[in-house]
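To start, the structure under review is shown below, and the notes come after it.
The values are calculated or read from the model by the stated rules, or taken from the named source; none is laboratory data. Since this is a predicted model, take the numbers as computed values, not measurements. Heads up, the Cβs are rebuilt from the backbone with ideal geometry, glycines too, and the neighbour counts pull from every protein chain shown.
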Ligand SMILES: [Zn+2]
Ligand SMILES: [Zn+2]
């Protein structure tokens, strides 16, 4: 096993310039979610040329892909690639590095395919992480069916094995009242704006009683047409975030109850609309994290402690609620560089990004190898997954 891992590391080193080139090309051609046609084409071309069987446009998502390498009956391990950019600031989340590291891990495994244990490796291209919910659509479309364990990495300013991610639901609240002249016959009106304002007041009170990692934040999207008309329609959108799926569901119910109370108090009718791609919290899997950790240590990478107060959301959380999944963080930027910043965008093509990309590709390939070689580990990861549900 150790000798095979050395061969994997050597394969990544041989491909280093190609992988960095791929990363830079994606970085320098930023494409927004569901429009990543160039990135998807480059990645599938690269994986196809390494012997992967490539399927483009899977699960009805045009810029998604699946590249499969099969060596016989055994576990199916997925390595996920993201490659969407942010509006205005390009690859300030470093998804170019995620993409190249995933492709590099696949290519390194393909380089030793004759010596691989039986199983199936799938590099899955997952578009539109930045709000579009690509993985949610892929999950619904069955793209992860048959996958036993999944992994991806994300760029950061340190190496951290696991970070909690907040689940997020986006709730639209629409109130319908009755228009009337606001001075001549206000008693004839039913004030939909009052219902919105009362909802905000109710939510403000609710916020005192929520867990510290929960977040509830909203805006008014419609507040009426003119001051001399009692608003017959008003609307708000709230984001509700929490670190646990059951608590997230509870909180959503309580926010909706705030709106229902406001509707009852004002005499309005309420329509609740849920955004169609909610992001789930990240469910950790220590079995997979331990395998990843041991391969990191093999490369001499020092792990930083988990950070408790910088909480984001990602659709990888949804994958982690369906099958054992990890998303370790890779140092690709100088200390204290915030993600989604111009500094992070610049760092995503710097020397640290090259180093992180190559180490991440090696670690993911070695972790995949361990899981193929020892199906008992995959079973253990699945038992842990079921136990902590
Ligand atoms: Zn991001
Ligand atoms: Zn990101």
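Collect the residues in region 320-356 that are out of contact with any helix residue (DSSP H, G or I) (no Cβ under 8 Å at 6 or more places or on another chain), within 10 Å of residue 93 (Cα to Cα) and surrounded by fewer than 18 Cβ atoms within 10 Å (Cβ to Cβ), keeping them in residue-number order.
Those that are out of contact with any helix residue (DSSP H, G or I) (no Cβ under 8 Å at 6 or more places or on another chain), within 10 Å of residue 93 (Cα to Cα) and surrounded by fewer than 18 Cβ atoms within 10 Å (Cβ to Cβ): 340, 341, 342.
Residue by residue through region 320-342, note down the ones that are more than 23 Å from residue 297 (Cβ to Cβ) and within 16 Å of ligand 1 (Cβ to nearest atom).
Listed by number, the residues that qualify are 337, 338, 339, 340, 341, 342.
Could you please let me know if residue 17 is closer than 30 Å to residue 115 by Cβ and surrounded by fewer than 16 Cβ atoms within 10 Å (Cβ to Cβ)?
Details: closer than 30 Å to residue 115 by Cβ: yes; surrounded by fewer than 16 Cβ atoms within 10 Å (Cβ to Cβ): yes.
Spelling it out, residue 17 is indeed closer than 30 Å to residue 115 by Cβ and surrounded by fewer than 16 Cβ atoms within 10 Å (Cβ to Cβ).
Is it the case that region 297-318 has a residue that's in contact with a strand residue (DSSP E or B) (Cβ under 7 Å, 6 or more places away or on another chain), in contact (Cβ under 8 Å) with a residue 24 or more places away in the chain, on the phi > 0 side of the Ramachandran plot and more than 16 Å from ligand 2 (Cβ to nearest atom)?
Checking region 297-318: not a single residue is in contact with a strand residue (DSSP E or B) (Cβ under 7 Å, 6 or more places away or on another chain), in contact (Cβ under 8 Å) with a residue 24 or more places away in the chain, on the phi > 0 side of the Ramachandran plot and more than 16 Å from ligand 2 (Cβ to nearest atom).
Given the conditions (1) closer than 30 Å to residue 298 by Cα; (2) in a helix (DSSP H, G or I), and given that residue 38 satisfies all but one, which numbered condition is not satisfied?
Residue 38 satisfies every listed condition except (1).
Being surrounded by fewer than 19 Cβ atoms within 10 Å (Cβ to Cβ), at pLDDT 95 or above and on the phi < 0 side of the Ramachandran plot, is that true of even one residue in region 141-154? So that I can check it myself, show each step before the final result.
Here is the first cut: in region 141-154, the ones surrounded by fewer than 19 Cβ atoms within 10 Å (Cβ to Cβ) are 141-142, 145-146.
Subset that is at pLDDT 95 or above: 141-142, 145-146.
Now narrow it down to the ones that are on the phi < 0 side of the Ramachandran plot: 141, 145.
For region 141-154, residues surrounded by fewer than 19 Cβ atoms within 10 Å (Cβ to Cβ), at pLDDT 95 or above and on the phi < 0 side of the Ramachandran plot: present.
Scan (1) surrounded by fewer than 24 Cβ atoms within 10 Å (Cβ to Cβ); (2) under 30 Å from residue 361 (Cα atoms); (3) modelled with pLDDT of 95 or more for the single condition residue 106 breaks and write down its number.
That leaves (1) as the condition not met.
Anything in region 290-314 that is more than 16 Å from ligand 1 (Cβ to nearest atom), buried (at least 22 other Cβ atoms within 10 Å of the Cβ) and within 21 Å of the chain's Cα centre (by Cα)? List them, or say none.
Within region 290-314, 292 is the sole residue that qualifies.
Scan region 172-193 for residues that are buried (at least 21 other Cβ atoms within 10 Å of the Cβ) and not in a loop (DSSP other than H, G, I, E, B) and jot them down.
Taking region 172-193 and keeping what is buried (at least 21 other Cβ atoms within 10 Å of the Cβ), we get 173-175, 177, 191-193.
Of everything in region 172-193, those that are buried (at least 21 other Cβ atoms within 10 Å of the Cβ) and not in a loop (DSSP other than H, G, I, E, B) turn out to be 173, 174, 175, 192, 193.
Collect the residues in region 67-119 that are touching a helix residue (DSSP H, G or I) at 6+ places or on another chain (Cβ under 8 Å), within 24 Å of residue 133 (Cα to Cα) and in a loop (DSSP other than H, G, I, E, B), keeping them in residue-number order.
Correct list: 82, 83, 84, 85, 89, 91, 92, 93, 94.
Can you say whether residue 45 is surrounded by fewer than 14 Cβ atoms within 10 Å (Cβ to Cβ) and at pLDDT 95 or above, as far as the supplied structure shows?
When the stated conditions are applied, residue 45 passes them.
Give the residues of region 126-158 that are within 16 Å of ligand 2 (Cβ to nearest atom) and part of a loop (DSSP other than H, G, I, E, B), sorted by residue number.
Hits for region 126-158 are 126, 127, 128, 129, 130, 131, 132, 133, 152, 153, 157, 158.
Please state which of the following conditions residue 47 fails to meet, knowing it meets all the rest: (1) more than 28 Å from residue 118 (Cβ to Cβ); (2) assigned to a helix (DSSP H, G or I).
(1)
Give the residues of region 77-91 that are surrounded by fewer than 24 Cβ atoms within 10 Å (Cβ to Cβ) and near ligand 2 (Cβ under 9 Å from one of its atoms), sorted by residue number.
Of everything in region 77-91, just one residue is surrounded by fewer than 24 Cβ atoms within 10 Å (Cβ to Cβ) and near ligand 2 (Cβ under 9 Å from one of its atoms), namely 86.
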